[in-house]
Amino acid sequence: MDRRAFLGVGGAAIICTIGGKTIRVETPEDVAEVDAAVRRLQRPRAAAAQADGKDSVDGLQFGTPEPQPGGRVREYWIEAKSLMWDVAPTGQDEFMGHAIPKPRTFRAFAYRQWSNGFASPLGPPSIPGPTLEAEVGDVLRVHFRNADEHFGQAVTMHPHGVRYTPDYDGAYMGDYTRVGGFIAPGEEFTYTWEATPDSVGVWAYHDHGPNEDLNTHRGLFGMLIVREKGAPRPDVEAGLFFHQFAPAITKIRKNFQCVNGRVAAGNTPTIRAKVGQRVTWHVFGADDMLHTFHIHGHRWRAPDGTFTDNQLLGPMTSVTASWVEDNPGRWLYHCHVLSHMHAGMNGWYLVDP
Amino acid sequence: MRIRKAALLAAVPALLVFAAPAVAQDYPAPGNPGKVQKKPKGPFKTLRVCKKGCKYTSIQKAVNKAGPGDTVKVADGTYRQPVRISGIKKRYMKLIGNPAHPERVVIDLRRAKGAAAQNAVMVNGANEVTVQGFTAIGYKANGFFVVNAHGYTFANLRAMLGGVYGIYAFNTIGGTMRDSVGAWNNDAGFYIGQTPPQDKPVRTIVENVDSFGNVLGWSGTNMRYVTIRKSRFYNNGAGIVPNALTSEKYPPEEDNVIAENDIFWNNFNYYAGAPFELRPPSAEATPYPVGVGVLLFGGRRNIVERNRIFGNYLAGAAAVQQFLLQDESAKDLVGNEVKENQFGLNGTDPNGRDLVYDGNGTGNCFGPNEGVQTTFPADGSTFVPCPFGGANSFSAAVQQEMVNWALDGTHTAFWITHPHAPYPGVTPLETYSTYTGPKPE
């Protein structure tokens with residue numbers, strides 16, 4: 001393991017609790033143990049459990065929301081599927097100017113968007129998954145399919161920020177699991193989420209199935225944007241997730257510190273803008289680590305009203321940074337935990353005059 | 001007004017007649033598809049069937065000996081007995097003919113009598129059965145038929161010159177139909193009906209199928225969660241007609257997607273001659289009008305998008321309230337979308353009318369679409385572009401005119417005809433006696 005990879009390994013352990021057993025996941029063998037335990041999980045007796053002497057809230061029945069007057073249904077067709085994922089398709093680290101040696105490929109888990117009715121894929125599986133968008137008053141109707149044939153585990157989609165009933169929470173909770181919290185391989189489920197006035201903002205969605213710890217860290221996460229009705233979009237809008245692919249997950253003796261599933265400028269997203277454009281970045285932390293979002297040559301106003309160029313990110317929290325572009329050139333963005341930056345958590349921002 | 005009302009009522013059995021279940025005599029009663037059956041673990045065996053020199057010369061006898069997950073492999077040849085795959089003990093069974101050349105493994109029921117003549121292959125109550133690589137011919141009811149099951153795969157099949165439906169799934173949850181042909185059936189080439197509503201809907205995917213020479217290319221009474229994609233529906237009386245009826249459970253049809261298909265030349269006037277026997281006419285019965293590409297007869301949240309729709313002489317894509325449905329709560333069109341389709345093949349092969357809609361219901365929208373030259377009503381007053389969430393603008397006059405089309409005894413009086421552009425490998429069929437394309441044997 002080289003120096004930079006070693007520095008990036010810190011905090012790589014993941015803690016999983018499966019079937020009452022807590023497993024510290026540090027090695028591929030630990031991961032295999034957790035995966036096997038999750039595969040053995042029986043479907044929760046959701047309906048029976050709710051009627052079987054549990055708390056009265058567990059027997060509550062819920063309807064499916066409709067859009068508010070003037071709102072609309074925004075339908076998405078999303079599948080989850082594992083795939084072999086190369087963290088550095090170009091094979092180059094443009095930031096430090098050297099090759100990124102193999103092995104770089106492992107089995108990840110990703111969301112993929114399809115056209116209506118799962119008629120045709122609208123692109124390859126992606127990390128992060130497709131961005132979901134709505135305006136206040138809309139409902140998001142997300143048709144979700146667990147299409148994985150490798151891991152043999154139930155997965156879900158759990159949203160932040162929008163309003164949902166327990167059925168559409170997408171969370172595995174043992175005997176208290178509702179219908180949307182355990183979507184087994186080959187199954188489909190339609191989540192319905194409301195964009196309420198207090199949903200305005202940028203949020204994460206991610207797997208919250210029985211193996212959320214591993215499968216979110218394998219790539220099952222994405223971004224959800226709710227805008228005010230009729231609100232204009234920025235000219236350039238970037239969504240970035242800072243996260244790691246740890247050795248236990250990848251079975252590779254390196255800790256890949258990633259932006260959107262890739263390491264190092266040249267593989268991570270290159271964001272491009274022109275002077276005069278309204279530019280907005282939404283940057284998430286998508287693992288169990290502390291990160292920061294720092295970009296060279298630019299400043300924005302933080303929530304406390306002060307200006308900043310380096311803002312803290314925790315797990316599944318985000319920073320939104322906006323400005324009108326006025327500084328042309330090649331700029332670097334990165335996490336300012338330096339061991340993360342040097343293990344790949346960086347990328348380019350190119351501004352044309 | 002009373003006369004008009006009477007005309008509407010006269011149309012009732014007409015529209016029923018084509019979507020009702022086939023009149024086969026050995027249909028199993030539709031039951032609850034039940035719980036998902038446990039996937040067998042094996043070991044699995046392969047039983048071989050051939051005309052000479054194998055342990056089995058009868059497909060049915062091999063099926064009877066097969067256990068869950070086993071494969072019955074059928075050699076090229078013509079077999080003259082029907083096949084029935086029933087019950088949980090046949091779950092995950094594979095019945096495999098010649099997927100590369102399904103025309104070489106034929107189940108020919110033309111000489112069969114009684115119950116044996118009904119269905120060439122029927123799957124009842126067995127989950128995830130695969131039937132692949134066969135031709136069915138001469139069946140009185142259905143070519144390939146699955147009922148009361150969770151999941152199935154029908155692939156590389158040809159259902160030709162038969163009774164009612166070519167390839168048919170009824171009261172099933174999920175499944176796949178692909179790379180198959182349904183032709184010369186006296187009702188529909190393909191049909192999925194009475195899909196149970198589900199908390200966790202499992203979609204049925206239909207892709208790369210050809211349906212031609214049938215009364216209907218696709219019939220979908222109370223069909224749910226079905227995606228029909230990248231397929232071709234042509235030279236039928238009508239192309240694709242998802243519909244709602246109370247003669248089957250769970251009306252209306254809902255949540256279907258018809259995408260990226262070619263739907264063209266559905267102008268087969270089978271009344272003037274057909275290779276199949278027409279179903280008995282009823283004094284009250286008038287079927288779907290001839291010359292329609294896609295017709296939503298009631299339904300909710302169906303999406304018709306990115307299809308090429310051309311050369312249909314009455315209408316390219318139409319939607320009308322299921323005004324005859326007894327269940328008042330299910331008769332209106334709700335949330336259907338017809339968008340991003342290409343009409344008229346860039347002006348070279350127009351439809352009689354590209355879009356037709358009576359304005360019934362709420363949240364139904366049309367467009368943007370490409371190539372729309374004509375609509376009914378001509379002023380476009382019932383159409384709003386997508387997305388749309390409000391009440392639509394109903395026109396009783398438009399609905400009445402659509403009833404008139406269905407009642408037209410000539411079947412062609414309302415056509416607006418145009419010359420067709422060439423389509424590789426397909427010859428237009430309007431009158432069977434003058435049809436110069438390949439006819440069934």
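Taking the criterion of being among the aromatic types (F, W, Y) and touching a Phe, Trp or Tyr at 6+ places or on another chain (Cβ under 6 Å), the residues of region A:176-227 that qualify are A:F182, A:F189, A:Y191, A:W193.
Can you tell me which residue among A:G63, A:G70 is more than 20 Å from A:I183 (Cα to Cα) and either touching a Lys or Arg at 6+ places or on another chain (Cβ under 9 Å) or of a type outside the set (F, W, Y) (or both)? Give the derivation first.
Numbers: A:G63 fails: more than 20 Å from A:I183 (Cα to Cα).
The unique qualifying residue is A:G70.
Among the residues making up region A:66-100, those that are away from chain B (no Cβ under 14 Å), of a type outside the set (V, I, T) and outside any strand (DSSP E or B) are A:A88, A:P89, A:G91, A:E94, A:F95, A:M96, A:G97.
Any idea which of (1) in contact (Cβ under 8 Å) with a residue 24 or more places away in the chain; (2) of a type in the set (D, E, K, R); (3) surrounded by fewer than 24 Cβ atoms within 10 Å (Cβ to Cβ); (4) away from chain B (no Cβ under 14 Å) is the one A:D207 doesn't satisfy? Every listed condition holds for A:D207 apart from (3). In region A:101-133, the residue that is nearest to A:A264 (Cα to Cα) out of those that are part of a loop (DSSP other than H, G, I, E, B) and within 14 Å of another protein chain (Cβ to nearest Cβ) is A:L122. The residue pairs whose first member lies in region A:50-77 and is farther than 14 Å from A:V142 by Cβ, whose second member is modelled with pLDDT under 85 and among the basic types (K, R), and whose beta carbons are closer than 8 Å, counting only pairs six or more residues apart or on different chains, are A:D52/A:R45.
The set of residues from region A:143-166 being out of contact with any Ser or Thr (no Cβ under 6 Å at 6 or more places or on another chain) and either within 11 Å of chain B (Cβ to nearest Cβ) or farther than 17 Å from A:T216 by Cβ (or both) comprises A:F144, A:R145, A:N146, A:A147, A:E149, A:G152, A:Y164, A:T165, A:P166.
Looking only at strands (runs of 3 or more DSSP E) that lie completely in region A:221-277, which have at least 1 residues being closer than 21 Å to A:T317 by Cα and of a type in the set (K, R)?
Numbers: elements: A:221-227, A:236-245, A:256-259, A:271-274.
Strands (runs of 3 or more DSSP E) meeting the threshold: A:221-227.
Screening B:G273 on (1) more than 14 Å from every other protein chain (Cβ to nearest Cβ); (2) on the phi < 0 side of the Ramachandran plot shows it passes everything except condition (2). Of all the criteria given as (1) within 12 Å of B:D255 (Cα to Cα); (2) among the aromatic types (F, W, Y); (3) within 11 Å of the chain's Cα centre (by Cα), the one not satisfied by B:Y225 is (3). In region B:123-146, the residues that are without any contact (Cβ under 8 Å) to a residue 40 or more places away in the chain and surrounded by fewer than 23 Cβ atoms within 10 Å (Cβ to Cβ) form Cβ pairs under 9 Å with partners that are of a type in the set (S, T, Y) and part of a loop (DSSP other than H, G, I, E, B), at six or more places apart or across chains, as follows: B:T130/B:Y92.
Candidates in region B:127-167 are the residues that are outside any strand (DSSP E or B) and of a type in the set (S, T, N, Q); of these, the one that is farthest from the chain's Cα centre (by Cα) is B:N127. Can you confirm whether region B:213-225 contains a residue that is aromatic (F, W, Y) and either surrounded by fewer than 23 Cβ atoms within 10 Å (Cβ to Cβ) or within 13 Å of another protein chain (Cβ to nearest Cβ) (or both)? Among the residues of region B:213-225, at least one is aromatic (F, W, Y) and either surrounded by fewer than 23 Cβ atoms within 10 Å (Cβ to Cβ) or within 13 Å of another protein chain (Cβ to nearest Cβ) (or both), which makes the answer yes. Checked against the criterion of being at positive phi, within 14 Å of chain A (Cβ to nearest Cβ) and not in a strand (DSSP E or B), region B:342-351 has no qualifying residue.
For the condition in contact with a Leu (Cβ under 8 Å, 6 or more places away or on another chain), modelled with pLDDT under 95 and more than 23 Å from B:Y225 (Cα to Cα), B:Y288 qualifies. The sole residue among B:T176, B:T195 that is within 20 Å of B:N222 (Cα to Cα), within 14 Å of chain A (Cβ to nearest Cβ), modelled with pLDDT of 95 or more and not in a strand (DSSP E or B) is B:T195. Apart from one condition, B:P350 fits all of (1) closer than 26 Å to B:R232 by Cα; (2) out of contact with any Phe, Trp or Tyr (no Cβ under 9 Å at 6 or more places or on another chain); (3) in contact (Cβ under 8 Å) with a residue 60 or more places away in the chain; (4) not hydrophobic (A, V, I, L, M, F, W, C); the exception is (2).
Out of curiosity, is A:D352 acidic (D, E) and buried (at least 22 other Cβ atoms within 10 Å of the Cβ)? No. Scanning region B:403-433 for residues that are of a type in the set (A, V, I, L, M), surrounded by 17 or more Cβ atoms within 10 Å (Cβ to Cβ) and more than 20 Å from B:F233 (Cα to Cα) yields a total of 2. Total residues in region B:300-341 satisfying the condition of being on the phi > 0 side of the Ramachandran plot and within 14 Å of chain A (Cβ to nearest Cβ): the figure is 4.
A single entry from B:E253, B:E248, B:E260 fulfils the requirement of being closer than 19 Å to B:I173 by Cα, touching a residue at least 12 places away in the same chain (Cβ under 8 Å) and within 14 Å of chain A (Cβ to nearest Cβ): B:E253. The condition of being more than 14 Å from chain B (Cβ to nearest Cβ), in contact (Cβ under 8 Å) with a residue 60 or more places away in the chain, among the acidic types (D, E) and touching a helix residue (DSSP H, G or I) at 6+ places or on another chain (Cβ under 9 Å) holds for only one of A:D169, A:D175, that being A:D175. Against the list (1) of a type outside the set (S, T, Y); (2) part of a loop (DSSP other than H, G, I, E, B); (3) away from every other protein chain (no Cβ under 13 Å); (4) surrounded by fewer than 20 Cβ atoms within 10 Å (Cβ to Cβ), the condition A:P185 fails is (3). Condition check: outside any strand (DSSP E or B), over 22 Å from A:T105 (Cα atoms) and at pLDDT 95 or above. Does A:G297 satisfy that? So A:G297 fits the description; yes. Here A:G305 fulfils each of the conditions (1) assigned to a strand (DSSP E or B); (2) surrounded by fewer than 18 Cβ atoms within 10 Å (Cβ to Cβ) apart from (1). The one condition from (1) within 11 Å of the chain's Cα centre (by Cα); (2) within 13 Å of chain A (Cβ to nearest Cβ) that B:E207 does not meet is (1). Kindly check whether there is at least one residue in region B:354-377 that is within 16 Å of B:D332 (Cα to Cα), within 14 Å of chain A (Cβ to nearest Cβ) and more than 24 Å from the chain's Cα centre (by Cα). Yes, the conditions are met somewhere in region B:354-377. When the residues of region B:382-392 are filtered to those that are within 21 Å of B:V294 (Cβ to Cβ) and of a type outside the set (F, W, Y), the one that is farthest from the other protein chains (Cβ to nearest Cβ) is B:T382.
The values are calculated or read from the model by the stated rules, or taken from the named source; none is laboratory data. Fair warning: this is a prediction, and the values are worked out from it, not measured in the lab. Don't worry about glycine lacking a Cβ; one is built from the backbone with ideal geometry, like all the others, and counts go over all protein chains shown.
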